Amino acid sequence: MDIARPERALMLRRRRLLWGGAGIVALALGSLALARLEPAAPSVDAGTLWIDTVRRGEMLREVRGQGTLVPEHEQWISASSGGQVVRVVQRPGAVVAADSVILELVNPELAQQAQEAASQVATAEADLRVLDAQLASALLNQEADAAGLAAQLAEAQLQVEANERLHAEKLIPDITLKLSRLRTQELTERQRLEKERLARLREANAAQLAGRASQLEQLRTLQRLRAGQLAGMAVRAGIAGILQEVAVEAGQRVQPGTILAKVAQPDLLKAELRIPETQAKDVTLGQTASIDTRNGLVAGKVARIDPAARQGTVAVDVTLVGPLPVGARPDLSVDGTIEIERLADVLYVGRPAFGQPGERVGLFRLAKDGDTAQRVTVELGRASTHSIEVVHGLQQGDRVVLSDTSAWDGYPRIRLK
């Protein structure tokens, strides 16, 4: 016969509850521990990474840009008048003197105009000589009349003196003396008027001659212009140097102002660099520069900075102060480096693939064993072409990964293999 034991059933129920609660707590603690576990660090081939060491010392700030060599002095030659190219005398690359003929043009209408201008000048010169002779003759006639009038006045004055003596001796009547005095007064007034007329005539003659001479000078100016245009049919270099370009061919018609050729002096070159606009703000006049022609380095100084940016770059002219390497010539592609400043006793490292001056970036710093790298926050300072100042976050001797690590942004560290 079974005996009921209710206390044992209660004990079993309590034991099951305890074990169930313990299992739930253990499961919760396990889940929490798993949630707090960091993701496994990815493995990266160290040979594919760009790793640099933080250094302390002098950091050279510089900017770089590509460009070309261009002549300091060059001359573009344009057509002074329209015409047709009949012969190309010199080709690009030829060494030319200032009076070397590069092209020959022809313009029959211009030749006719030059001949007409010369004829007009010759006619105007002849007319001026005729007018001068006529005016001189008229002036001589007027001067002769004035001389005759002066003689009459002198004679009348002598007659007055004689009549005054005769009148004093009562030999002539009063009327005779008065008539002689009246004639003297008349001749005196006529002589004054004649002198004034003679002066006016000289002024009028001078004005006529000046006006005709001015017309002649205008015709001579036109003749010189036509003659110069006709001489310009033989297009000359203008300066000694190398013929860089001939922009027309034989048989081509050109209009006034058309660019025909370009001549440059190859021994005086400068570098035109294109500096990124983000770096051009630190470039100033007079800074030292180095130009790489692929066949040697040439020292230079910044001579001009374009005030405007074009297509993300700023044009900077560098005057070359050193001897040019062999093979340096206009339009040669070059690389230029401009020294901005030298920073003494600063922490610096190679410039990372991302991050700008003054920003905070995350970089992977290698552990001492070199097997792992931990992400650290680094504050960057002033930058150069290949290096950048470290303001905070790294110490001298630290080794950091400068490659693009955006693929591991979700990991606090990586393993190197």
**Complete:** The number of residues in the stretch 294-319 that are closer than 11 Å to R274 by Cα and outside any strand (DSSP E or B) is 2
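Take the residues in the stretch 182-207 that are open to solvent by less than 40 Å² (accessible area, probe 1.4 Å) and of a type in the set (A, V, I, L, M), then tell me which one is nearest to D145 (Cα to Cα). Step through it out loud before you land on a result.
Taking the stretch 182-207 and keeping what is open to solvent by less than 40 Å² (accessible area, probe 1.4 Å), we get 184, 187, 194, 198, 205.
Still in the running and of a type in the set (A, V, I, L, M): 187, 198.
Numbers: L187: 13, L198: 10 Å.
The qualifying residue nearest to D145 (Cα to Cα) is L198.
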**Message:** Let me spell it out: the conditions are (1) of a type in the set (A, V, I, L, M, F, W, C); (2) open to solvent by less than 30 Å² (accessible area, probe 1.4 Å); (3) within 16 Å of the chain's Cα centre (by Cα), and I291 meets all of them except one. Which number is the exception?
**Reply:** (3)
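Considering only residues that are in contact with an Asp or Glu (Cβ under 8 Å, 6 or more places away or on another chain) and modelled with pLDDT under 90, look in the stretch 346-356 and name the one that is farthest from V44 (Cα to Cα). Working first, answer last.
So in the stretch 346-356, the residues in contact with an Asp or Glu (Cβ under 8 Å, 6 or more places away or on another chain) come out as 346-350, 353-354.
Pick out the ones that are also modelled with pLDDT under 90 and you get 353-354.
On the way: A353: 17, F354: 19 Å.
Within the stretch 346-356, the match that is farthest from V44 (Cα to Cα) is F354.
Only residues that are small (G, A, S), out of contact with any Gly (no Cβ under 9 Å at 6 or more places or on another chain) and either open to solvent by 70 Å² or more (accessible area, probe 1.4 Å) or touching a residue at least 60 places away in the same chain (Cβ under 8 Å) (or both): list them for the stretch 245-266, please. Full working, then the answer.
Going residue by residue through the stretch 245-266, those that are small (G, A, S) are 247, 250-251, 257, 261, 264.
Then keep just the ones that are out of contact with any Gly (no Cβ under 9 Å at 6 or more places or on another chain); that gives 247, 250-251, 257, 261.
Hits for the stretch 245-266 are A250, G251, G257, A261.
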**Item:** Selected residue (criterion: farthest from V160 (Cα to Cα)) from residues of the stretch 177-205 that are more than 60 Å from the chain's Cα centre (by Cα) and basic (K, R)
**Value:** R197
**Complete:** For G296, the lone unmet condition from (1) closer than 30 Å to G57 by Cα; (2) modelled with pLDDT of 90 or more is (2)
**Complete:** Note: among G232, G257, just one is under 18 Å from L110 (Cα atoms) and touching a strand residue (DSSP E or B) at 6+ places or on another chain (Cβ under 6 Å), namely G257
**Request:** Run V361 past the list (1) open to solvent by less than 10 Å² (accessible area, probe 1.4 Å); (2) among the β-branched types (V, I, T); (3) closer than 21 Å to M59 by Cβ and report the number of the one that doesn't hold.
**Result:** (1)
**Message:** Just to check your reading of the model, which residue among L285, L324 is open to solvent by 70 Å² or more (accessible area, probe 1.4 Å) and in a loop (DSSP other than H, G, I, E, B)?
**Reply:** L285
**Message:** Checking S80 against (1) open to solvent by 40 Å² or more (accessible area, probe 1.4 Å); (2) among the hydroxyl-bearing types (S, T, Y); (3) more than 27 Å from the chain's Cα centre (by Cα), only one condition comes out false. Which one?
**Reply:** (3)
**Fill in**
Going through the stretch 105-123 in order, the residues found to be surrounded by fewer than 16 Cβ atoms within 10 Å (Cβ to Cβ) and either among the acidic types (D, E) or within 32 Å of the chain's Cα centre (by Cα) (or both) are E109, E116
**Request:** Take the residues in the stretch 392-417 that are at pLDDT below 90 and of a type in the set (D, E), then tell me which one is surrounded by the most Cβ atoms within 10 Å (Cβ to Cβ).
**Result:** D404
**Prompt:** Looking at (1) surrounded by fewer than 16 Cβ atoms within 10 Å (Cβ to Cβ); (2) of a type outside the set (K, R); (3) in contact (Cβ under 8 Å) with a residue 24 or more places away in the chain; (4) over 30 Å from P325 (Cβ atoms), which is the only condition G232 fails?
**Reply:** (1)
**Message:** Pairs please, first residue from the stretch 284-310 and touching a residue at least 24 places away in the same chain (Cβ under 8 Å) and at positive phi, second anywhere and exposed (fewer than 14 other Cβ atoms within 10 Å of the Cβ) and not in a loop (DSSP other than H, G, I, E, B), Cβ atoms under 7 Å, 6+ apart in sequence or on different chains.
**Reply:** none
**Fill in**
I305: passes all of (1) of a type in the set (A, V, I, L, M); (2) modelled with pLDDT under 90; (3) surrounded by 14 or more Cβ atoms within 10 Å (Cβ to Cβ) but (2)
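The values are calculated or read from the model by the stated rules, or taken from the named source; none is laboratory data. In this text, all values refer to a predicted model and were calculated from it rather than measured experimentally. With ideal geometry, Cβ positions are generated from the backbone for all residues, glycine too; neighbour counts draw on all protein chains shown. Note: accessible area is taken over every heavy atom of the protein model, side chains too, but ligands, DNA and RNA are not part of it. Shrake-Rupley method; radii C 1.70, N 1.55, O 1.52, S 1.80 Å.
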